[in-house]
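A.B. asks: Starting off with a structure, shown below.
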Amino acid sequence: MLKGKRGLVVGVANGDSIAFGCAAKLRAFGADIALTYLNEKAKPHVAPLAQQIDTALLLPLDVSQAGQMQAVFEEIRQTWGSIDFVIHSIAFAPRDDLHGRIVDCSQTGFLQAMQVSCHSFIEMAHHAEPLMNPGGALITMSYYGADKVVNNYNLMGPVKAALESSVRYLAKELGEKDIRVFAVSPGPLRTRAASGIAHFDELIDMAVTRAPGRRLVDIAEVGRAVAFLVGGGASGMTGDVVYVDAGLHIMA
């Protein structure tokens, strides 16, 4: 159902990454994929995955390095000329700031977390806008801790709240160009990024116990939701936070 669509997926670290679940499903539904890797150390882990799903482009991207994002979108412009979707699945906070109280977080750590986890999505929207075909979609990954206090999520709570608010404002600003913007909010998943959260096993146990589905979701389920948002079935939607968490977010 996505044959002929082309898009960028950012955030693959390994085969367990949410970003890879998205890339694999988008490719399975017929889309052409451009994939990125963080640096040369990460490339050997990402390159086999790119080959596995037959990506059209594999490009370096560290959003904290000036000029790299612009170079990615320039390569896409030269190769494809236009784009139909961008999937942003990256987040970072320094360990000391992530594991401590928000009231104690450093200015440097707060700004770094905001730049990598939130502003990079805004920057991607800026570069994607002139290339985006009508009906295109910009999608980022959030978490329930943006809306409610989740033990040990700490600094990432306000950072993801800023990200979700950015989704709404971007949806308003880009709507007249028929560009749709979403946040997808999966339940806790055992990814490398999530392992940095203190007492993560407790978060997993809580999700399984409290979610109506009594289980965790997997990256393929997140990928299918993203494919729906990219496709024509979601043409009347924008600005939403779409939960893929076995119903966890509805529980008081």
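Values quoted throughout were computed directly from the atomic coordinates according to the rules given, and no laboratory measurement underlies them. Worth saying up front: this structure is predicted, and the values here are computed from it rather than measured. Virtual Cβ from ideal backbone geometry, glycine too; neighbours counted across all protein chains shown.
A.B. asks: Got the relative contact order for the chain handy, in percent, Cα pairs under 8 Å and 6 or more residues apart? Don't jump to the answer; show the numbers that get you there.
C.D. replies: Numbers: 482 pairs, mean separation 51.9, N = 252.
Relative contact order here is 21 percent.
A.B. asks: If you scale each eigenvalue of the Cα gyration tensor by 5 and take the root, what three semi-axes come out for segment 137-200, rounded to whole angstrom and sorted largest first? Walk me through the numbers on the way to the answer.
C.D. replies: On the way: eigenvalues 139, 30, 11 Å².
Ellipsoid half-lengths, sorted descending, are 26, 12, 7 Å.
A.B. asks: Looking at the chain as a GNM with Cα springs under 10 Å, which of 12, 208, 226 has the largest mean-square fluctuation?
C.D. replies: 208
A.B. asks: Using only Cα atoms, tell me the angle between helix 18-28 and the longest principal axis of the chain; keep it within 0 to 90° and round to the nearest 10.
C.D. replies: 30 degrees
A.B. asks: First check a/c for segment 94-152, with a ≥ b ≥ c the square roots of the eigenvalues of its C-alpha gyration tensor; if it is under 1.5, answer rounded, and if not, answer prolate when a/b is larger than b/c or oblate otherwise. Don't skip to the answer; put the middle values down first.
C.D. replies: Details: a/c = 4.55, a/b = 2.02, b/c = 2.25.
Verdict is oblate for segment 94-152.
A.B. asks: What residue among 17, 235, 106 shows peak mean-square fluctuation when the chain is described by a Gaussian network model with Cα springs under 10 Å?
C.D. replies: 106
A.B. asks: Per the Cauchy relation, a quarter of the hull surface: what is the mean projected area of the convex hull of the alpha carbons in segment 47-111, in nm²? Please list the in-between numbers first.
C.D. replies: Numbers: hull surface 25.7 nm².
That works out to 6.4 nm², a quarter of the Cα hull's surface.
A.B. asks: If you project the alpha carbons of segment 21-130 onto the principal axes, what extent comes out on each, in Å, largest first?
C.D. replies: Result for segment 21-130: principal-axis Cα extents of 47, 30, 25 Å.
A.B. asks: Report, in deg cm²/dmol and to the nearest 500, the calculated mean residue ellipticity at 222 nm for the chain, where each DSSP H run with n ≥ 4 adds -39500 (n - 2.57) and the sum is divided by the residue count.
C.D. replies: On the way: 9 runs with 97 residues, N = 252.
The helix-only estimate for the chain comes to -11500 deg cm²/dmol at 222 nm.
A.B. asks: Follow-up. Across segment 18-174, how many lysine pairs, 8 or more positions apart or on different chains, have C-alpha atoms separated by under 26 Å? Please give the number.
C.D. replies: On the way: 25/41; 25/43; 25/160; 148/160; 148/172; 160/172.
Taking segment 18-174 as the scope, the lysine pair count is 6.
A.B. asks: Further question on the same structure: With a 10 Å Cβ neighbour count serving as the proxy for reagent exposure, in which order, fewest first, do 22, 118 appear? Can you show the working numbers first?
C.D. replies: On the way: 22 31, 118 22.
Final ranking by Cβ density, sparse to dense: 118, 22.
A.B. asks: Apply the Debye scattering formula to segment 186-252, with a single equal point scatterer on each alpha-carbon and no solvent, then give log10 I(q)/I(0) at q = 0.13, 0.15, 0.23, 0.27 Å⁻¹.
C.D. replies: Cα-only, vacuum Debye calculation for segment 186-252: -0.42, -0.55, -1.02, -1.17.
A.B. asks: Now for a separate question. What ranking do 249, 199 get, fewest neighbouring Cβ atoms within 10 angstrom at the top? Each step should come with its number before you reach the end.
C.D. replies: Details: 249 16, 199 11.
The order, fewest Cβ neighbours first, is 199, 249.
A.B. asks: Specify the residue with the greatest mean-square fluctuation among 237, 124, 69, computed from a Gaussian network of the chain linking alpha-carbon atoms under 10 Å apart.
C.D. replies: Judging by the Gaussian network model, the answer is 237.
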